[in-house]
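Undergrad: For reference, the structure I am asking about is given below.
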Amino acid sequence: MADRATLEDLVRLQGERVRALKQQKASAEQIEEEVAKLLKLKAQLGPDEGKQKFVLKTPKETLTGKYGEDSKLIYDLKDQGGELLSLRYDLTVPFARYLAMNKLTNIKRYHIAKVYRRDNPAMTRGRYREFYQCDFDIAGQFDPMIPDAECLKIMCEILSSLQIGDFLVKVNDRRILDGTFAICGVPDSKFRTICSSVDKLDKVSWEEVKSEMVGEKGLAPEVADRIGDYVQQHGGVSLVEQLLQDPKLSQNKQALEGLGDLKLLFEYLTLFGIADKISFDLSLARGLDYYTGVIFEAVLLQPPAQAGEEPLGVGSVAAGGRYDGLVGMFDPKGRKVPCVGLSIGVERIFSIVEQRLEVLEEKVRTTETQVLVASAQKKLLEERLKLISELWDAGIKAELLYKKNPKLLNQLQYCEEAGIPLVAIIGEQELKDGVIKLRSVASREEVDVRREDLVEEIRRKTSQPLCIC
């Protein structure tokens with residue numbers, strides 16, 4: 001048998017041959033034949049027990065072991081070389097890998113991109129297998145809770161500006177959860193799986209969660225009851241202070257650290273003016289394994305059915321938390337970069353907006369166009385082109401129908417369907433008078449505006465920010 005060095009050279013050369021064939025777009029049969037040879041050589045080579053290599057390569061994503069029970073939602077693939085790959089599950093793990101590959105220790109960024117979940121779609125709830133997420137993250141070694149508070153401030157600003165209804169941001173800390181499990185008697189090996197059960201409390205009753213813990217996950221009933229005494233509590237900073245005095249929880253180092261950070265976090269949130277939007281909720285668990293500290297989740301609220309009742313949550317629209325160990329999992333030397341970030345479900349937001357517009361019987365605006373340049377009679381294409389050029393040069397978002405002699409009614413109907421708020425109408429009389437007829441599509445009100453004043457009038461009428469609710 002050839003020595004190891006010779007086999008390694010053969011594997012490298014055969015790998016290069018496979019890649020060259022792929023680039024040359026060789027036949028599938030030829031590529032498969034050469035791949036089979038490569039796999040046979042790799043089998044002869046066997047594992048290198050003397051050393052372990054952790055090589056980061058751009059197309060691969062090391063996803064296993066980071067999402068807990070949600071790992072079953074990852075789309076697994078295999079390339080023609082037999083290497084296991086996966087579709088991107090979220091934007092957080094790729095971001096952590098990027099930091100490790102480029103040896104970055106300090107960055108603040110946002111990212112909007114597609115992710116994939118092998119899940120059961122629910123269109124009306126904005127739940128898809130392929131969808132967009134918008135992430136914001138802060139990476140770096142900073143004083144406690146300042147970046148975390150900024151993330152929560154950003155989350156509240158975004159949800160408030162979208163005007164999609166009242167919302168509440170639940171916060172907790174993984175260290176508090178782990179400390180709670182420890183003092184309640186949960187074995188270390190069951191922490192993550194019990195954490196996943198607790199995370200379902202926003203969807204099902206405590207009795208159902210307890211039944212899963214005991215019946216499916218083998219937890220003793222009395223341990224589950226002790227957990228229930230804690231995880232069914234929620235409140236504000238007063239609950240944090242109450243738990244700091246808890247005779248059992250205050251003796252757990254992890255829980256004490258988490259509670260201390262949450263108390264500091266509430267101080268910063270008060271200064272940011274958003275403390276009234278935040279609830280300390282001990283049932284919030286966030287099933288992803290990479291969270292290490294503060295975790296949070298924003299839910300939309302619907303009005304109570306009766307006076308005196310609490311508002312009901314209608315679904316999560318954003319979430320995030322602190323993941324201080326994730327970058328180190330990708331770094332060959334295990335160097336850690338503390339990180340905190342948030343993720344907003346874009347399709348979930350769109351779904352809610354569309355439902356609200358449907359109830360209000362309003363149409364979704366599909367364009368940013370401020371004004372349509374229209375004509376009232378035939379043979380005015382040249383005048384329309386002159387006017388739209390003037391508007392474009394002035395920075396006005398304008399368009400026209402690509403017809404020589406469109407009917408005025410068709411032009412007005414197009415504006416209504418597309419949500420264009422204004423129509424600049426050119427007619428023979430308007431040309432003689434040196435004016436443009438500016439029509440509001442919503443009110444159907446028309447005013448004659450001197451041509452030299454048209455740009456300013458369009459700006460004035462479209463200066464108010466558009467509401468999507």
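The values are calculated or read from the model by the stated rules, or taken from the named source; none is laboratory data. Just so you know, these numbers come straight off a predicted model, no measurement behind them. As a convention, Cβ positions derive from the backbone with ideal geometry for all residues, glycine included, and neighbour counts pool all protein chains shown. All accessible areas refer to the heavy atoms of the entire protein, side chains included, with ligands and DNA or RNA removed. Shrake-Rupley method; radii C 1.70, N 1.55, O 1.52, S 1.80 Å.
Undergrad: Starting at the first residue of the stretch 368-380, write each ³J(HN,Hα) from the Karplus equation 6.51 cos²θ - 1.76 cosθ + 1.60 with θ = phi - 60°, in whole Hz, x for Gly and Pro.
TA: 9, 4, 8, 8, 9, 8, 10, 10, 8, 10, 7, 6, 10
Undergrad: How much net charge surrounds Ile274 when only other residues with a Cβ under 9 Å from its Cβ are counted (Lys, Arg +1; Asp, Glu -1)? Display every interim value, and only then the final one.
TA: Numbers: positive: Lys153, Lys277; negative: Glu157, Asp276.
With Lys, Arg at +1 and Asp, Glu at -1, the net is 0.
Undergrad: If you don't mind, another one. Go through the stretch 381-386 residue by residue and turn each phi into a ³J(HN,Hα) via Karplus (6.51, -1.76, 1.60, θ = phi - 60°); whole Hz please, and just put x for glycine and proline.
TA: Residue by residue, the stretch 381-386 yields 4, 4, 5, 5, 5, 4 Hz.
Undergrad: Another question about this same structure. Subtracting the Cα-Cα distance from 0.36 nm times the residue separation, let me have the gained length for Phe191 to Leu408 in nm, one decimal.
TA: Working: separation 217, 0.36 × 217 = 78.12 nm, distance 6.81 nm.
Gain on extension, Phe191 to Leu408, equals 71.3 nm.
Undergrad: For the chain, calculate the relative contact order in percent as a whole number, restricting contacts to Cα pairs under 8 Å that are 6 or more residues apart. It would help to have the intermediate numbers written out before the result.
TA: Values: 733 pairs, mean separation 67.7, N = 469.
About 14 percent, as a whole number.
Undergrad: On to the next question. Note down the net charge around Leu380, summing +1 for each Lys or Arg and -1 for each Asp or Glu among other residues with Cβ under 12 Å from its Cβ. Working shown, then result.
TA: Details: positive: Lys378, Lys379, Arg384, Lys386, Lys403, Lys404; negative: Glu382, Glu383, Glu428, Glu430.
Every neighbour counted, the sum reads +2.
Undergrad: Right, another one. Carbon-plus-sulfur fraction of the accessible area of the chain, 1.4 Å probe, in percent?
TA: 51
Undergrad: For a test of the definition: using alpha carbon positions, the gyration tensor, and the 1.5 limit on a/c, classify the stretch 371-463 as rounded, prolate or oblate.
TA: Numbers: a/c = 1.29, a/b = 1.06, b/c = 1.23.
It is rounded, given that a/c, with a ≥ b ≥ c, falls under 1.5.
Undergrad: Now for a separate question. Using amide H atoms built 1.01 Å from N in the peptide plane, name the residues 5+ places from Ile426, or on other chains, whose amide H lies under 5 Å from its own.
TA: Close amide H contacts, sequence-distant or interchain: Ala374, Ser375, Ala376.
Undergrad: If amide H atoms are built 1.01 Å from N in the plane of the peptide, which residues on other chains or at least 5 residues away come under 5 Å of the amide H of Leu85?
TA: Leu77, Lys78, Asp79
Undergrad: Kindly sort Asp393, Asp137 by accessible area of their heavy atoms, largest first, with the probe set to 1.4 Å.
TA: Details: Asp393 130, Asp137 0 Å².
Putting Asp393, Asp137 in descending order of accessible area: Asp393, Asp137.
Undergrad: Only Lys, Arg, Asp and Glu count, each charged at its Cβ (+1, +1, -1, -1), so figure out the dipole size of the stretch 4-45 about its Cα centre, rounded to 20 debye.
TA: Details: 9 positive and 7 negative charges, 26 e Å.
Dipole about the Cα centre, nearest 20: 120 debye.
Undergrad: Here's something else I'd like to know. Which one, Gln413, Gly325, Ser375, projects farthest toward the positive side of the charge dipole computed for the stretch 301-444 from Cβ point charges (K/R +1, D/E -1)?
TA: Of the candidates, Ser375 comes out farthest on the positive side.
Undergrad: So, with +1 on the Cβ of K and R and -1 on the Cβ of D and E, and no other charges, what is the size of the charge dipole of the chain about its Cα centre, to the nearest 20 debye? Intermediate results must be reported in sequence, preceding the final value.
TA: On the way: 68 positive and 74 negative charges, 333 e Å.
Dipole of the chain, to the nearest 20 debye: 1600 debye.
Undergrad: Which value, in Å², gives the accessible area per residue of the chain when a 1.4 Å probe is used on the protein heavy atoms? All intermediate terms of the calculation are to be shown ahead of the outcome.
TA: Details: 25860 Å² over 469 residues.
Result: 55 Å² per residue.
Undergrad: Oh, and also: Under 15 Å from the Cβ of Ile112, count the other residues' Cβ atoms, weight Lys and Arg +1, Asp and Glu -1, and hand me the total. Please list the in-between numbers first.
TA: On the way: positive: Arg88, Arg109, Lys114, Arg348; negative: Asp90, Glu130, Asp135, Asp137, Glu347.
That sum, taken over residues with Cβ under 15 Å, equals -1.
Undergrad: Using heavy-atom solvent-accessible surface (probe 1.4 Å) with all chains present, what is the largest-first order of Ser205, Ser463, Ser250? Don't skip to the end; give the middle numbers.
TA: Values: Ser205 45, Ser463 80, Ser250 25 Å².
Reading off the accessible areas and sorting them downward yields Ser463, Ser205, Ser250.
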